[in-house]
1. Would you give the gap between the C-alpha center of the range 483-547 and the C-alpha center of the range 135-180, rounded to a whole Å?
2. What accessible surface, in Å², does a 1.4 Å probe find on R182, ignoring ligands, DNA and RNA and rounding to the nearest 10?
3. Note down the Stokes-Einstein diffusion coefficient of the chain in µm²/s, whole number, using a Kirkwood radius over alpha carbon pairs, 20 °C, and 1.002 mPa s.
4. Quick check for me: using +1 on Lys/Arg Cβ and -1 on Asp/Glu Cβ, what's the dipole size of the chain about its Cα centre, in debye to the nearest 20?
5. For K210, K409, give the ranking by accessible area with the largest first, probe 1.4 Å.
6. If you take every DSSP beta bridge fully contained in the chain, what fraction is antiparallel? Give it as a percent rounded to 5.
7. Treat every Asp and Glu Cβ in the range 272-347 as -1 and every Lys and Arg Cβ as +1, leave all other atoms uncharged, and give the resulting dipole magnitude about the Cα centre to the nearest 20 debye.
8. Using only the heavy atoms of the protein chains and a 1.4 Å probe, how would T479, T66 rank by accessible area, largest first?
Amino acid sequence: MNKTSDLETFSDESNTDETLLNTRIGTIIDGSLSKGLTVKLDSGEVPGSMIEQIAVGRYVVVQGLTNTRFFCIVTDVALAHNNPYIETNPPDTNDKYSIEIYRSTLSYGIVNIAPMLVLEKNDKKPKPVKTIPTHFSIVSQANEEDVTQIFGKADENHFYLGNPLEMDQVPINVNLDRFIERSSGVFGKSGTGKSFITRTLLSGIVKSRKASCLIFDMHNDYGWGIQNEHGQTYKGLQQLFDSNHINVITLDKKTSLARGDRADGELYISYDAIEPEDIAMLAGVLALSDVQVNALYFLRRRLGKNWFKKLLSDQEQDQNELDEFIEQGDLIKSSLGAIQRKFELFRNMKFLKEHVSDDFIEILFQKLNSGTSIVLEFGTYDNSLAAYMFVANYLTRRIHERYVSAKNKAFGKRGEDPNPLMIVIEEAHKFLTPELSQHTIFGIIARELRKYNVTLLVVDQRPSGIDDEVMSQIGTRVTCLLDNESDIRAVFSGVSGAGALREVLARLDTQQQALIMGHAVPMPVVIRTREYGPKLYAEINQQTSSSQTAKHKAEQAKTDLFG
Ligand SMILES: Nc1ncnc2c1ncn2[C@@H]1O[C@H](COP(=O)(O)OP(=O)(O)OP(=O)(O)O)[C@@H](O)[C@H]1O
Ligand SMILES: [Mg+2]
């Protein structure tokens with residue numbers, strides 16, 4: 001007897017305390033931890049209207065019986081009724097009176113919700129769910145306080161990236177330390193806002209100085225100003241930050257100048273620095289066969305560092321030297337011919353020069369290590385996948401090597417830990433196919449996690465093309481709309497409870513909405529990406545100017561090495 005009254009008192013306090021709850025939407029009637037919970041919706045102000053206000057991706061809160069609060073995400077919406085008769089004999093649509101009676105008594109809405117986090121009595125921080133709320137627990141819409149409790153307030157480490165659905169005033173903040181701690185990805189089909197969300201994230205990271213970014217800007221999206229399809233212009237990173245924070249280096253000075261961009265420097269690659277490994281990765285793009293790739297290694301071995309120059313050379317003497325290998329039976333004539341034909345494309349890459357005196361790798365490494373992020377603009381090469389992959393691979397291999405050696409020195413207490421580096425690549429699936437990712441630098445970086453302070457930010461519209469093993473190492477996944485089944489499967493690979501979120505992903509708006517899950521957020525969340533525009537510029541401006549007085553490592557690298 002006593003026990004019952006205890007329970008009544010307890011449940012009275014916890015389960016029906018409407019002050020804890022916001023807008024109530026229904027009660028739990030069924031479910032499991034693995035498959036999610038079923039909520040019977042209240043009928044709403046106008047009977048039956050509630051269901052039309054609940055969209056997949058929204059946050060709801062369930063008040064448990066033992067003073068626990070479960071944070072959940074809506075994953076599906078359905079109609080239900082408790083009388084099979086109404087399916088065969090629905091009321092006459094003109095009979096408003098009967099319809100209202102049916103809606104308030106026989107039919108109701110159902111939503112499925114996936115429980116993600118739970119806040120237990122006396123705890124300040126929510127934990128991952130291991131159990132579920134009991135039958136008839138009250139479900140309500142999450143409010144600002146709930147969201148802040150989960151995502152924290154915006155501060156040096158929490159960057160405001162967007163707002164949850166239907167909660168325009170509530171910021172969702174991404175944990176930047178965690179974002180850069182492991183490789184991350186931005187996915188979504190073309191035109192969904194990948195570049196905009198990436199630029200927003202980059203502005204947060206550059207501002208925070210938590211990592212230097214080396215951005216391979218294939219489509220000239222990040223460095224200087226951009227114009228969208230409606231002619232609206234947006235600031236690039238260089239316009240948001242001073243040259244201590246961002247340097248734009250161009251591969252094509254002419255185009256940069258013609259567009260009125262202010263490049264901080266140019267980059268050239270010397271013929272004699274090129275190694276067969278720099279080209280082997282392009283085998284797919286150049287259609288080089290295995291025999292041809294092996295021939296490159298042979299030529300390098302026999303001709304030394306001039307191998308590349310000799311392959312491109314018009315000099316008779318060089319050609320004779322190559323022909324000798326054919327005569328000696330070391331090379332097949334057709335292979336050499338094919339290689340030389342395919343190498344013709346390198347002649348159009350004006351950033352390749354026979355001789356380059358500056359040590360650009362050293363310059364880039366110094367800048368990155370001292371906290372300055374670099375945007376590498378491709379200018380007129382924006383449509384050349386070969387140029388993009390070649391340069392990204394060439395630089396990343398060498399910069400990574402420098403990081404490995406700096407890190408090893410730091411281990412041996414002979415130097416400082418290198419500044420964290422995040423390498424940003426677009427069209428990532430071209431670099432990270434199952435065949436390539438095993439032995440190329442990008443696969444290595446993704447797999448070695450953060451061992452040498454280098455991580456990747458991959459931006460891609462075809463995540464299904466990325467090696468599964470690499471995908472499973474992607475810590476934070478920011479995913480805009482995807483509609484291809486295999487792409488959807490790929491972004492969820494290795495994510496527990498992913499099944500429930502598929503519907504959420506498939507229903508995102510075609511622009512400016514994203515599902516964020518993984519390392520940098522405590523629970524998956526659908527956001528409307530914050531507007532990339534004057535408000536964000538002002539915020540960045542304000543914060544970077546106030547941090548100018550702070551002592552930055554970058555100050556040491558003030559001497560403009562590219563001058
Ligand atoms: N956060 C945002 N603020 C303002 N506009 C945005 C935002 N996100 C997306 N947009 C709008 O959506 C359009 C497409 O975005 P974006 O160029 O980033 O797509 P994308 O996914 O990178 O496309 P693609 O695959 O073709 O490169 C932009 O031109 C812009 O008009
Ligand atoms: Mg883009």
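1. Each part's Cα centre sits 12 Å from the other's.
2. Spelled out: R182, probe radius 1.4 Å, area about 70 Å².
3. D = 81 µm²/s.
4. In total the dipole reaches around 1360 debye.
5. Most to least solvent-accessible, the answer reads K409, K210.
6. 65 percent
7. My answer is approximately 180 debye.
8. T66, T479
The values are calculated or read from the model by the stated rules, or taken from the named source; none is laboratory data. What you see is a predicted model, and the numbers here were worked out from it, not measured in a lab. A quick note on method: Cβ atoms are made from the backbone with ideal geometry, for glycine too, and the neighbour counts reach across all protein chains shown. Just the protein is used for accessible areas: all its heavy atoms, side chains included, with ligands, DNA and RNA removed. Shrake-Rupley method; radii C 1.70, N 1.55, O 1.52, S 1.80 Å.
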